[in-house]
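Note sheet for the following structure.
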Amino acid sequence: AQKVTQAQTEISVVEKEDVTLDCVYETRDTTYYLFWYKQPPSGELVFLIRRNSFDEQNEISGRYSWNFQKSTSSFNFTITASQVVDSAVYFCALSGDPFTSGTYKYIFGTGTRLKVLA
Amino acid sequence: EAGVVQSPRYKIIEKKQPVAFWCNPISGHNTLYWYLQNLGQGPELLIRYENEEAVDDSQLPKDRFSAERLKGVDSTLKIQPAELGDSAVYLCASSLRSSSTEAFFGQGTRLTVV
């Protein structure tokens, strides 16, 4: 069975602080994909990043960085120098490879609400 | 390029009434999803389409929910009759192909059943 756990329900930080959002996943698939989405108050889920299970190279995009570690089944997301506009709910998601496992659906975690205070 | 368009944004209905939601995916996206999101929870898949074929509807409560995607483009999700517990946000998403690629979401329809 697939599962995504985001243990942090809500995090509050002061602007310019760094913050890390944790994501732990479970899957029996050898090929799978991990995603992060941002859901601002407007409600629309915004895609941030996709990683496949064969690519453990960490990625940095501006103030965002992602740390993928298969050994601990984690795919953590760090925001450096947080800003008020980063306030949102962030979701981690997992999907199988339909060509190998037949697991088509995205499984989302319960989300972490990030509040960045000015 | 237009994103995923959903309508209406908000809907309030009395219980036992029918309701329908509409979704227009991104042009060229073969895969379309309907998700249900309860307050404080992550989205949960209701149904996934590959073109016009529903390939995963195991989570769709078929006694009251139905969906269609005619011609493999727009999709409609219907609830009949609605129950109080159906109050939630219904999200539509599309992706270029299968779930190995990122999905793009619409703004959702917030349904309130009173």
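Taking residue A:103 as the residue in question, decide whether it is crowded, with 16+ Cβ neighbours inside 10 Å, polar (S, T, N, Q) and at pLDDT 95 or above.
Here the answer is no, as residue A:103 does not meet what is asked.
Which residues, taken from region B:3-24, are surrounded by 22 or more Cβ atoms within 10 Å (Cβ to Cβ) and in contact with a Leu (Cβ under 6 Å, 6 or more places away or on another chain)? So that I can check it myself, show each step before the final result.
In the first step, residues of region B:3-24 are kept if they are surrounded by 22 or more Cβ atoms within 10 Å (Cβ to Cβ); the result is B:4, B:6, B:21, B:23.
If the condition is that a residue be surrounded by 22 or more Cβ atoms within 10 Å (Cβ to Cβ) and in contact with a Leu (Cβ under 6 Å, 6 or more places away or on another chain), then B:21 is the only one that fits.
Out of all the residues in region B:79-100, which are within 14 Å of chain A (Cβ to nearest Cβ), part of a loop (DSSP other than H, G, I, E, B) and crowded, with 16+ Cβ neighbours inside 10 Å?
Those that are within 14 Å of chain A (Cβ to nearest Cβ), part of a loop (DSSP other than H, G, I, E, B) and crowded, with 16+ Cβ neighbours inside 10 Å: B:98, B:99, B:100.
Go through region A:54-83 and report how many residues are among the small types (Gly, Ala, Ser) and open to solvent by less than 50 Å² (accessible area, probe 1.4 Å). Break it down stepwise before answering.
Looking only at region A:54-83, we keep the residues that are among the small types (Gly, Ala, Ser), and these are A:61-62, A:65, A:71, A:73-74, A:81-82.
From what is left, the residues that are open to solvent by less than 50 Å² (accessible area, probe 1.4 Å) are A:65, A:73-74, A:81-82.
Of the residues in region A:54-83, 5 are among the small types (Gly, Ala, Ser) and open to solvent by less than 50 Å² (accessible area, probe 1.4 Å).
Restricting to region B:25-40, what's the tally of residues that are loosely packed, with under 15 Cβ neighbours inside 10 Å and over 14 Å from the mean Cα position of the chain (by Cα)?
The total comes to 4.
Conditions: (1) surrounded by 15 or more Cβ atoms within 10 Å (Cβ to Cβ); (2) under 14 Å from the mean Cα position of the chain (by Cα). Residue B:61 meets all but one. Number of the miss?
Of the numbered conditions (1) surrounded by 15 or more Cβ atoms within 10 Å (Cβ to Cβ); (2) under 14 Å from the mean Cα position of the chain (by Cα), the odd one out for residue B:61 is (1).
Give all pairs with beta carbons closer than 8 Å in which a residue from region B:52-78 that is within 14 Å of another protein chain (Cβ to nearest Cβ) meets a residue that is open to solvent by 70 Å² or more (accessible area, probe 1.4 Å); count only pairs at least 6 apart in sequence or on separate chains.
Close Cβ pairs satisfying both conditions: B:55/A:104; B:56/A:104; B:59/B:44.
Among the residues of region A:1-33 satisfying the criterion of being over 24 Å from residue A:116 (Cβ atoms) and within 15 Å of the chain's Cα centre (by Cα), which is farthest from the other protein chains (Cβ to nearest Cβ)?
Here is the first cut: in region A:1-33, the residues over 24 Å from residue A:116 (Cβ atoms) are A:1-3, A:25-33.
Applying the additional criterion that residues be within 15 Å of the chain's Cα centre (by Cα) yields A:3, A:25-26, A:32-33.
Numbers: A:3: 11, A:25: 13, A:26: 15, A:32: 9, A:33: 6 Å.
Top of the filtered list is A:26.
Which one of the conditions (1) modelled with pLDDT of 95 or more; (2) part of a strand (DSSP E or B) does residue A:34 fail to meet, given that it meets all the rest?
Answer for residue A:34: the failing condition is (1).
Does residue A:61 satisfy being more than 11 Å from chain B (Cβ to nearest Cβ) and under 14 Å from residue A:88 (Cα atoms)?
Values: more than 11 Å from chain B (Cβ to nearest Cβ): yes; under 14 Å from residue A:88 (Cα atoms): no.
No, not satisfied.
The values are calculated or read from the model by the stated rules, or taken from the named source; none is laboratory data. Remember, predicted model here, so these are calculated numbers, not experimental data. Using ideal geometry, Cβ is built from the backbone for each residue, glycine included, and neighbour counts are taken over all protein chains shown. Accessible surface is based on the protein model in full, side chains and every heavy atom, while ligands, DNA and RNA are left aside. Shrake-Rupley method; radii C 1.70, N 1.55, O 1.52, S 1.80 Å.
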